[in-house]
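Structure first, commentary second.
The values are calculated or read from the model by the stated rules, or taken from the named source; none is laboratory data. No experiment lies behind these values; they were computed from the predicted model shown. Note that each Cβ is placed from the backbone with ideal geometry, even for glycine, and that neighbours are counted across all protein chains shown.
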Amino acid sequence: MDDLRDKYIDLIGKAADEAALEDLRVQAVGKKGEISLQMRSLGKMSPEERQVMGPKLNALKDEINSALGAKKAALADAALNERLAAEWLDVTLPARGTRRGSIHPVSQVWEECTAIFADMGFAVAEGPQVETDWYNFDALNIPGHHPARAEMDTFYMHRATGDERPPHVLRTHTSPVQIRSMEAGGAPTRIICPGRVYRADYDQTHTPMFHQVEGLAIDKDISMANLKWVLEEFFSAYFGRSVKTRFRASHFPFTEPSAEVDIQCQWKDGSVTVGEGDDWLEVLGSGMVHPKVLQAGGIDPSEWQGFAFGMGIDRIAMLKYGIPDLRAFFDSDLRWLRHYGFASLDVPTLHGGLSR
Ligand code: DAH
């Protein structure tokens, strides 16, 4: 019995895995295992022999079983340790650098304009970029022969011969959205419309696609004084300092009277600072909405009146963030975008004062 014990204790100690251990269990204490067979032979023994052998065999069986159990636990432990070592992960290592995109200055300024005008009660209106020439011109009191049509270097959509639909253009300004929102909402109204506009023009200060924000306020008693206040509020909020405006009499077909608006600035060493100095910089066109334009939008000009303005978004982005070249806005040069772009968590907001 001692040989049997030594043999199995030795084999169990050497078992390499659970499968080998299971084989040993079957060999030793399984139904037909060596120890089990011995126990079965107890029946043929004399009572005296049995009294000696019985407890011994039982003790042997117990010893083998607990050796099997202990070895099984040890094997499981070893396997777990091996897995833990293999799957070990150093969470203190610095993270791998990820390239994050940035917010384009045009998107940023678009948002800033929206926030400032929203604060003054203006809603955002939208219109299509492919527009009929009626909305883009006629409804704005720019008739077919008017030089403004030619001046605007309009892109016309191609028409196949025989296609009799009215001409469509890429909108040359955001002003057609005035008409669309008058039609949709009537008066009174207060909207801005930021958006893309298109003109066939390309040089240092012009790109064929650029951005404008249109403004329109219509009510019973709106005047140029309201326009001036709104614009000065806007520029002061936008530039984060008090900014004076200068109104110069001008002409637009869709407003009467019309004014071009300059903001106060100073030129020094080739760069410009807004809100100080004795120079002026033209930034937008504006005026009182022409009665014919109100009529085209379905609003009775004997009852309602209002102001409108149109401003270049790219232009005021360049002024605020010191960006010298307009064309670079649309080059998609990653170095430029990383330099002038805004991290998404680091954008100037209205509640943060809007200045960077
Ligand atoms: N639509 C004009 C342009 O693109 C700008 C403009 C001038 C808009 C006067 C207006 C306005 O609403 O009243 O040049």
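For the range 163-180, indicate whether the set of residues that are hydrophobic (A, V, I, L, M, F, W, C), closer than 30 Å to Gly240 by Cβ and either within 13 Å of the ligand (Cβ to nearest atom) or at pLDDT 95 or above (or both) is non-empty.
The answer is yes; a qualifying residue exists.
Which of the residues belonging to the range 245-303 are more than 16 Å from the ligand (Cβ to nearest atom), of a type in the set (D, E, K, R) and buried (at least 16 other Cβ atoms within 10 Å of the Cβ)?
Across the range 245-303, there are no qualifying residues.
Can you name the residue in the range 206-237 that is of a type in the set (Phe, Trp, Tyr) and crowded, with 23+ Cβ neighbours inside 10 Å and, of all such residues, is farthest from Asp262 (Cα to Cα)? Outline the logic, then answer.
Start the filter on the range 206-237 by keeping residues that are of a type in the set (Phe, Trp, Tyr), which leaves 210, 229, 234-235.
Imposing the further condition that a residue be crowded, with 23+ Cβ neighbours inside 10 Å reduces the set to 234-235.
On the way: Phe234: 13, Phe235: 11 Å.
This residue is Phe234.
Taking Arg190 and the conditions (1) in contact with a strand residue (DSSP E or B) (Cβ under 9 Å, 6 or more places away or on another chain); (2) within 13 Å of the ligand (Cβ to nearest atom), which numbered condition does it fall short on, given that it satisfies the others?
Unmet for Arg190, out of (1) in contact with a strand residue (DSSP E or B) (Cβ under 9 Å, 6 or more places away or on another chain); (2) within 13 Å of the ligand (Cβ to nearest atom): (2).
Which members of the range 121-176 meet the condition of being in contact with a Phe, Trp or Tyr (Cβ under 6 Å, 6 or more places away or on another chain) and among the aliphatic types (A, V, I, L, M)?
Within the range 121-176, Leu140, Val169, Leu170 qualify.
In the range 310-327, how many are more than 16 Å from the ligand (Cβ to nearest atom) and either among the acidic types (Asp, Glu) or surrounded by 16 or more Cβ atoms within 10 Å (Cβ to Cβ) (or both)?
6
Quick check on this structure: which one of Arg248, Arg196 is touching an Asp or Glu at 6+ places or on another chain (Cβ under 9 Å) and modelled with pLDDT of 95 or more? Don't jump to the end; show me each part of the working.
Numbers: Arg196 fails: touching an Asp or Glu at 6+ places or on another chain (Cβ under 9 Å).
Answer to the check: Arg248.
Sort through Ala150, Ala76 and tell me the only one that's within 16 Å of the ligand (Cβ to nearest atom) and not in a loop (DSSP other than H, G, I, E, B).
So the residue among Ala150, Ala76 that is within 16 Å of the ligand (Cβ to nearest atom) and not in a loop (DSSP other than H, G, I, E, B) is Ala150.
What number of residues within the range 259-276 are charged (D, E, K, R) and either in a strand (DSSP E or B) or under 20 Å from Met311 (Cα atoms) (or both)?
The qualifying residues number 3.
Residues are listed down the side, and each one gets a yes or a no for (1) within 11 Å of the ligand (Cβ to nearest atom); (2) assigned by TED's automatic domain parsing to the domain that holds Phe137; (3) aliphatic (A, V, I, L, M):
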| position | (1), (2), (3) |
| --- | --- |
| Arg199 | yes, yes, no |
| Gln204 | no, yes, no |
| Pro208 | no, yes, no |
| Ala237 | no, yes, yes |
| Val243 | no, yes, yes |
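Only residues that are out of contact with any Ser or Thr (no Cβ under 9 Å at 6 or more places or on another chain) and within 22 Å of Pro348 (Cβ to Cβ): list them for the range 219-237, please.
Within the range 219-237, Val230, Glu233, Phe234, Ala237 qualify.
Residue pairs, Cβ under 8 Å, 6 or more apart or interchain, first in the range 150-165 and on the phi > 0 side of the Ramachandran plot and surrounded by 12 or more Cβ atoms within 10 Å (Cβ to Cβ), second basic (Lys, Arg) and modelled with pLDDT of 90 or more. List them.
Matching pairs, first to second residue: Asp153/Arg199.
Conditions: (1) exposed (fewer than 10 other Cβ atoms within 10 Å of the Cβ); (2) at pLDDT 90 or above; (3) farther than 20 Å from Leu11 by Cβ. Ala95 meets all but one. Number of the miss?
Result: Ala95 passes all but (2).
Please verify whether Lys7 is free of Cβ contacts under 8 Å to residues at least 24 places away in the same chain and in a helix (DSSP H, G or I), treating the condition exactly as stated.
yes
Would you mind stating whether His158 is closer than 19 Å to Phe252 by Cα and outside any strand (DSSP E or B)?
Numbers: closer than 19 Å to Phe252 by Cα: no; outside any strand (DSSP E or B): yes.
When the stated conditions are applied, His158 does not pass them.
Among the residues of the range 120-142, which ones are more than 13 Å from the ligand (Cβ to nearest atom) and on the phi > 0 side of the Ramachandran plot?
Gly121
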